[in-house]
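Participant: After the structure tokens below, expect a handful of questions from me.
The values are calculated or read from the model by the stated rules, or taken from the named source; none is laboratory data. Note that the structure is a prediction, hence the values are computed from the model and not measured. Here the Cβ positions follow ideal geometry from the backbone for every residue, glycine too, while neighbour counts run over all protein chains shown. These accessible areas exclude ligands, DNA and RNA; they are computed on the full protein's heavy atoms, side chains included. Shrake-Rupley method; radii C 1.70, N 1.55, O 1.52, S 1.80 Å.
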Amino acid sequence: MNTKKISVLAVSILLAASSAFAWSKKSENTGNLGRMYLSIGGGVNVTKAKIKGTNETSSPTGGVGMFELNAPVFKPGINAFKDIKWAGLDAQAFFNYDYTGKFSGKYNGVDGSITNDSYGVGVALVPYLNFETGLSFFKAIKPYAKGFCGYMWNNTDTDGSASALDVIDGNYFFYGVGAGVEFVLLDEVSVTPWWQWNGNAQSGMPTYQTAGVEASYWVSELFCVSAFWSHSFGTKDYFGAADLEQKHGDVIGLKFKLGFSR
């Protein structure tokens, strides 16, 4: 009897899980904006920094990881927006991790090094416009804006002469704004260039700007592979260290997205 109940329960759970991923119709002109999905990604982080007052630079290789849930709040032409096909609104929850690698060099003529890792959680709102072209090879253009905020945990380790640097190490609130355009080339393919300004409420921690591009291919309604590149334009006081200047930084990586019917 127990075996029968367990079998029925297992089959019920399997059917429920399958129906959660079921699609009643094919998405058209959607791209990433207006679609509900889970995204897991990672990449390689290469940053170039210079010690102020010297010509010495360091370019360590680190890594990044990210998790994101995107959910459409208002979809163009659907429910509350049934008469508004030219606009929509998405909401996001995300987690990011960043490890810079080890910056090594001579600080005041003596060897030293700095490593930094940080992780943060946050939420974002993404309002966008939706212009469908009616073409078979260029489906839609979606300009969007983005506002986000969250909390960051930051850890900076120093040794040698770098231990004398005044670096920021702690937890703080962060926020920012961004903008971009998603070009939906086909129902399965989209390309999105973007720009973002990143601020925070920590005294001494600098703000910075990033820009990049992401190319997405939805293999099916349930699964997507994206390749992305982002570029940091640098900051005067990296990690809040007055003697360390970030020249620039680049991240190249992949994202895997799992779509939901919504």
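Participant: Quantify, in whole percent, the carbon and sulfur part of the accessible surface of the chain (1.4 Å probe; protein heavy atoms only).
Facilitator: Working: 8580 of 13580 Å².
Percent of accessible area from carbon and sulfur atoms in the chain: 63.
Participant: With a cap of 12 neighbouring Cβ atoms within 10 Å, and only residues DSSP puts in a loop, list the trypsin sites (Lys or Arg not before Pro) found in region 80-149. Show your work: numbers first, answer last.
Facilitator: Details: sites: LYS82, LYS85, LYS102, LYS106, LYS139, LYS146; in loops: LYS82, LYS85, LYS139.
Qualifying residues, ordered by number: LYS82.
Participant: I've got another one for you. Could you state the angle between the C-alpha long axis of helix 2-20 and the longest principal axis of the C-alpha atoms of the chain, as a value from 0 to 90 degrees rounded to the nearest 10?
Facilitator: Once rounded, the angle reads 80 degrees.
Participant: Okay, moving on. Using a Gaussian network model of the chain whose springs link C-alpha atoms within less than 10 Å, name the residue from SER226, SER161, SER190 with the highest mean-square fluctuation.
Facilitator: SER161
Participant: Averaged per residue, what accessible area in Å² does region 178-262 show with a 1.4 Å probe, protein chains only?
Facilitator: Numbers: 3850 Å² over 85 residues.
That works out to 45 Å² for each residue.
Participant: Go ahead and estimate [θ] at 222 nm for the chain from helices alone: -39,500 (n - 2.57) per DSSP H run with n ≥ 4, summed, over the residue count, rounded to 500. Provide the component values of the computation, followed by the final result.
Facilitator: Values: 1 runs with 19 residues, N = 262.
Using -39500 (n - 2.57) per qualifying helix, the result is -2500 deg cm²/dmol.
Participant: Let me ask another. Would you work out if region 124-168 is rounded, prolate or oblate? Take a ≥ b ≥ c from the square roots of the eigenvalues of the alpha-carbon gyration tensor; rounded if a/c is under 1.5, else prolate when a/b is larger than b/c, oblate otherwise. Provide the component values of the computation, followed by the final result.
Facilitator: Details: a/c = 6.71, a/b = 3.34, b/c = 2.01.
Judged from the Cα gyration tensor, region 124-168 comes out prolate (a/c at least 1.5, a/b above b/c).
Participant: How do THR158, THR210 rank by accessible surface area computed with a 1.4 Å probe, from largest to smallest? Don't skip to the end; give the middle numbers.
Facilitator: Numbers: THR158 50, THR210 20 Å².
Descending order: THR158, THR210.
Participant: Do any chymotrypsin sites (Phe, Trp or Tyr not before Pro) in region 38-86 lie in a loop, going by DSSP, with at most 15 other beta-carbon atoms within 10 Å of their beta carbon, and if so which? Don't jump to the answer; show the numbers that get you there.
Facilitator: Numbers: sites: PHE67, PHE74, PHE81, TRP86; in loops: TRP86.
Sparse-neighbourhood loop chymotrypsin sites (Phe, Trp or Tyr not before Pro): TRP86.
Participant: Of ASP98, ASP111, ASP83, which has the most accessible area and how do the rest follow, probe 1.4 Å? Could the numbers behind the result be given before it?
Facilitator: On the way: ASP98 50, ASP111 100, ASP83 130 Å².
Most to least solvent-accessible, the answer reads ASP83, ASP111, ASP98.
Participant: Round to the nearest 10 and report in Å² the accessible area of LEU135, as given by a 1.4 Å probe over the protein chains' heavy atoms.
Facilitator: Probe radius 1.4 Å; accessible area of LEU135 about 80 Å².
Participant: Running a GNM on the chain with Cα contacts under 10 Å, which residue among GLY212, GLY77, GLY41 ends up with the highest mean-square fluctuation?
Facilitator: The residue with the greatest mean-square fluctuation here is GLY77.
Participant: Classify region 183-262 from the C-alpha gyration tensor, please: rounded if a/c falls under 1.5, else prolate or oblate depending on whether a/b exceeds b/c. Mind showing how you got there, number by number?
Facilitator: Working: a/c = 3.28, a/b = 2.65, b/c = 1.24.
Taking the square roots of the gyration eigenvalues as a ≥ b ≥ c, region 183-262 is prolate.
Participant: Using protein chains only and a probe of 1.4 angstrom, how many square angstrom of LEU125 are accessible, to the nearest 10?
Facilitator: 100 Å²
Participant: Tell me the per residue accessible area of region 79-149 using a 1.4 Å probe; a whole number in Å² is fine.
Facilitator: Values: 3750 Å² over 71 residues.
That works out to 53 Å² per residue.
Participant: Report, to one decimal in Å, the Kirkwood hydrodynamic radius for region 151-208 based on all distinct Cα pairs.
Facilitator: Values: mean 1/r = 0.0684 Å⁻¹.
Value: 14.6 Å, from the Cα pair sum.
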